[in-house]
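The values are calculated or read from the model by the stated rules, or taken from the named source; none is laboratory data. Treat the numbers as computed from the prediction; the structure is a model and nothing was measured. Note: ideal-geometry Cβ built from the backbone for every residue, glycine included; neighbour counts use all protein chains shown.
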Amino acid sequence: MPKSLSTESDNQYSLVNAMSNKEVLAALRMLEDARRSSLLEIIEEHPHINREKLAEITNRDKIDVAADIQVLVSVGLVSNHGFGDAVNYELTERGQRILEALREGNISQWEE
């Protein structure tokens, strides 16, 4: 029986809670890529958005958006819910905190 994406997302979120400050800082630096940080902002503005709508808003190919979203999910900044084409995305609590830190230019709180 296949696992639901929300269960996978919950497991990833648990792993992120255990991330060291150095790992969080690496995630922040990964977000210096404007494409990924803009996806975080769009997801914040449109909770439960799907990949097709993200591609439409960003004027990017769905495959490219999916690759960037997978990176954001893998580091626990975005969670996914649903199956197949009905997958929706939203920011995790950590994603929200990191987006706020990026806006404030305050990543020093995660530096060791």
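I'd like to check something: does the range 103-111 contain any residue that is aromatic (Phe, Trp, Tyr), in a helix (DSSP H, G or I) and either in contact with a helix residue (DSSP H, G or I) (Cβ under 9 Å, 6 or more places away or on another chain) or touching a residue at least 24 places away in the same chain (Cβ under 8 Å) (or both)? Scanning the range 103-111, I find at least one residue that is aromatic (Phe, Trp, Tyr), in a helix (DSSP H, G or I) and either in contact with a helix residue (DSSP H, G or I) (Cβ under 9 Å, 6 or more places away or on another chain) or touching a residue at least 24 places away in the same chain (Cβ under 8 Å) (or both), so the answer is yes.
At least 3 residues being over 10 Å from the mean Cα position of the chain (by Cα) and modelled with pLDDT under 85 is the threshold, and among the helices (runs of 4 or more DSSP H) wholly inside the range 1-100 those reaching it are 5-17, 21-30.
Within the range 49-64, residues that are in contact (Cβ under 8 Å) with a residue 12 or more places away in the chain reach partners that are among the hydroxyl-bearing types (Ser, Thr, Tyr) with beta carbons closer than 8 Å, at six or more positions or on different chains, in the pairs 49/89; 50/89; 51/89; 54/89; 58/38.
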